[in-house]
Amino acid sequence: MDNMEQRRNRIVAFINERSSITFAELKKEFPNVSDMTLRTDLRALDEEKKIIRIHGGAKAVTTVLGNDDKLVLREVRNVTEKEQLVAKALKLIRPGTTVFLDSGSTTTMLARNLPDQPMMIFTCSLTVAMELNRLEQAEVFVVGGTLNRNSRSMYGQSTTEQLSRVRIDQAFMGVTGYDENGFNCGHAEENALKRFLVSRAGESVLLMDSSKVGKSSTFTFCTLDQADVLVSDGNLPEEFRMLCEKHNVTVV
């Protein structure tokens, strides 16, 4: 990755973290970059639909989209933490089992690193399916439904009906945030799918880096007493870890 791409990824992450920024705030965050270069970066990122330029600054795309985040934005956030999550999640997957891989940047990274071994894998994610295409020993089933263009995944009644006929040993699911109500996401139909999987899978495995603790989204799909395993980056707040222990949630 060249310096320009690295800088632009940092700019996107900075704007996403703040939701909106002024150009003065951006200049303060990148003091060694010229005004002209920063303005060029903002224009390029706006054209790539990674941010939205406004008079005197920029906004995160999520401020317009709402909580149902675009996958292209999630792919550049907290990459190191996601790599840690994936390394831990890989150790939980056993050959000869049936697993479901949810949509999202972390599960896509998980699929990219999954070893080729005999097993059945179900997914409603187009990006996960593309990563699984390289596997020769695993049977991969792509579940159909209505397309969510933001997450590049399928959802809806037909999706849950197809999965209702499958015995899933482990369901690996991404999380938008965790607040006092439980684990949440920002899309009603995907929330319904996650709730279904939590109720049906032999083991619900939630993938959530520590930055998402305390973050709220529109729909709660799982409470702590419904979760089985939480895979995180090792930086969870102690209070939250104690809550997990109280509700018999295994933290990896």
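The values are calculated or read from the model by the stated rules, or taken from the named source; none is laboratory data. Bear in mind that the values here come from a model prediction, so they are computed numbers and not experimental data. Here the Cβ is made from the backbone with ideal geometry for all residues, glycine too, and neighbour counts use every protein chain on show. These area figures cover heavy atoms from the full protein model, side chains too; ligands, DNA and RNA do not enter into them. Shrake-Rupley method; radii C 1.70, N 1.55, O 1.52, S 1.80 Å.
Taking amide hydrogens as placed 1.01 Å from N in the peptide plane, the amide H of Glu203 sits under 5 Å from those of Gln170, Ala171, each at least 5 positions away in sequence or on another chain. Simple spin-label estimate for Lys28 and Thr80 gives 2.4 nm between the two label positions (7 Å along the Cα-to-Cβ direction from each Cα). With 0.36 nm allotted per residue and the present C-alpha distance subtracted, the Lys215-Asp116 stretch has 32.1 nm of extension available.
Which FRET efficiency value, to the nearest 0.05, is calculated for Leu147 and Glu47 with the Förster distance at 35 angstrom and r the Cβ-Cβ distance? The formula returns an efficiency of 0.90 here. Taking a straight Cα-Cα cut-off under 26 Å and skipping sequence neighbours fewer than 8 places away in the same chain, the lysines within cross-link reach of Lys82 are Lys49, Lys50, Lys59, Lys70, Lys91, Lys194, Lys212, Lys215, Lys246. Derived scalar couplings between HN and Hα for segment 13-28 equal 4, 5, 5, 4, 5, 8, 6, 8, 9, 8, 5, 4, 5, 5, 5, 5 Hz in order, rounded to whole Hz, by the Karplus curve 6.51 cos²θ - 1.76 cosθ + 1.60 (θ = phi - 60°), x for Gly and Pro. For segment 82-129, trypsin sites (Lys or Arg not before Pro) meeting the loop criterion (DSSP other than H, G, I, E, B) and having at most 10 other Cβ atoms within 10 Å: Lys91. Where the centroid of each part is defined by its Cα atoms, how far is segment 212-252 from segment 1-57 in Å? Each part reduced to its Cα centre gives a spacing of 33 Å.
The modelled label-to-label distance for the pair Lys246/Arg39, using points 7 Å beyond Cα in the direction of Cβ, is 5.4 nm.
Round to a whole number: what % of the accessible area of the chain belongs to carbon and sulfur, probe 1.4 Å?
The C+S portion of the solvent-accessible surface of the chain is 47 percent.
Accessible surface area normalised per residue over segment 97-252 is 44 Å², counting heavy atoms of protein chains with a 1.4 Å rolling probe. The string of couplings for segment 88-96 from the Karplus curve (6.51, -1.76, 1.60, θ = phi - 60°) is 6, 5, 4, 6, 8, 8, 10, x, x Hz, one whole number per residue in order, with x for Gly and Pro. When exposed loop sites are taken as GluC sites (Glu not before Pro) in a DSSP loop with at most 12 other Cβ atoms within 10 Å, the longest stretch of the chain clear of them is 49-135.
In loop segments of segment 1-63 as defined by DSSP, the trypsin sites (Lys or Arg not before Pro) with at most 16 further C-beta atoms inside 10 Å of their C-beta are Lys49.
Ser34 contributes an accessible area of around 60 Å² to the protein surface, as traced by a 1.4 Å probe with all chains present. Among the listed options [x] 19.1; [y] 20.3; [z] 18.2, the one matching Kirkwood radius over Cα pairs in Å as calculated from these coordinates is [x]. For the chain, the longest principal axis of the C-alpha atoms and the axis of helix 35-47 are separated by about 40°. The distance between label points at Val166 and Glu5 comes to 3.2 nm (points 7 Å beyond Cα on the Cα→Cβ vector).
If the segment from Glu180 to Glu238 were pulled out straight at 0.36 nm per residue, it would be longer than the present Cα-Cα gap by 19.3 nm. Checking every one of the trypsin sites (Lys or Arg not before Pro) in segment 149-252 against DSSP loop status and a limit of 11 other Cβ atoms within 10 Å picks out Arg149, Arg165, Arg167.
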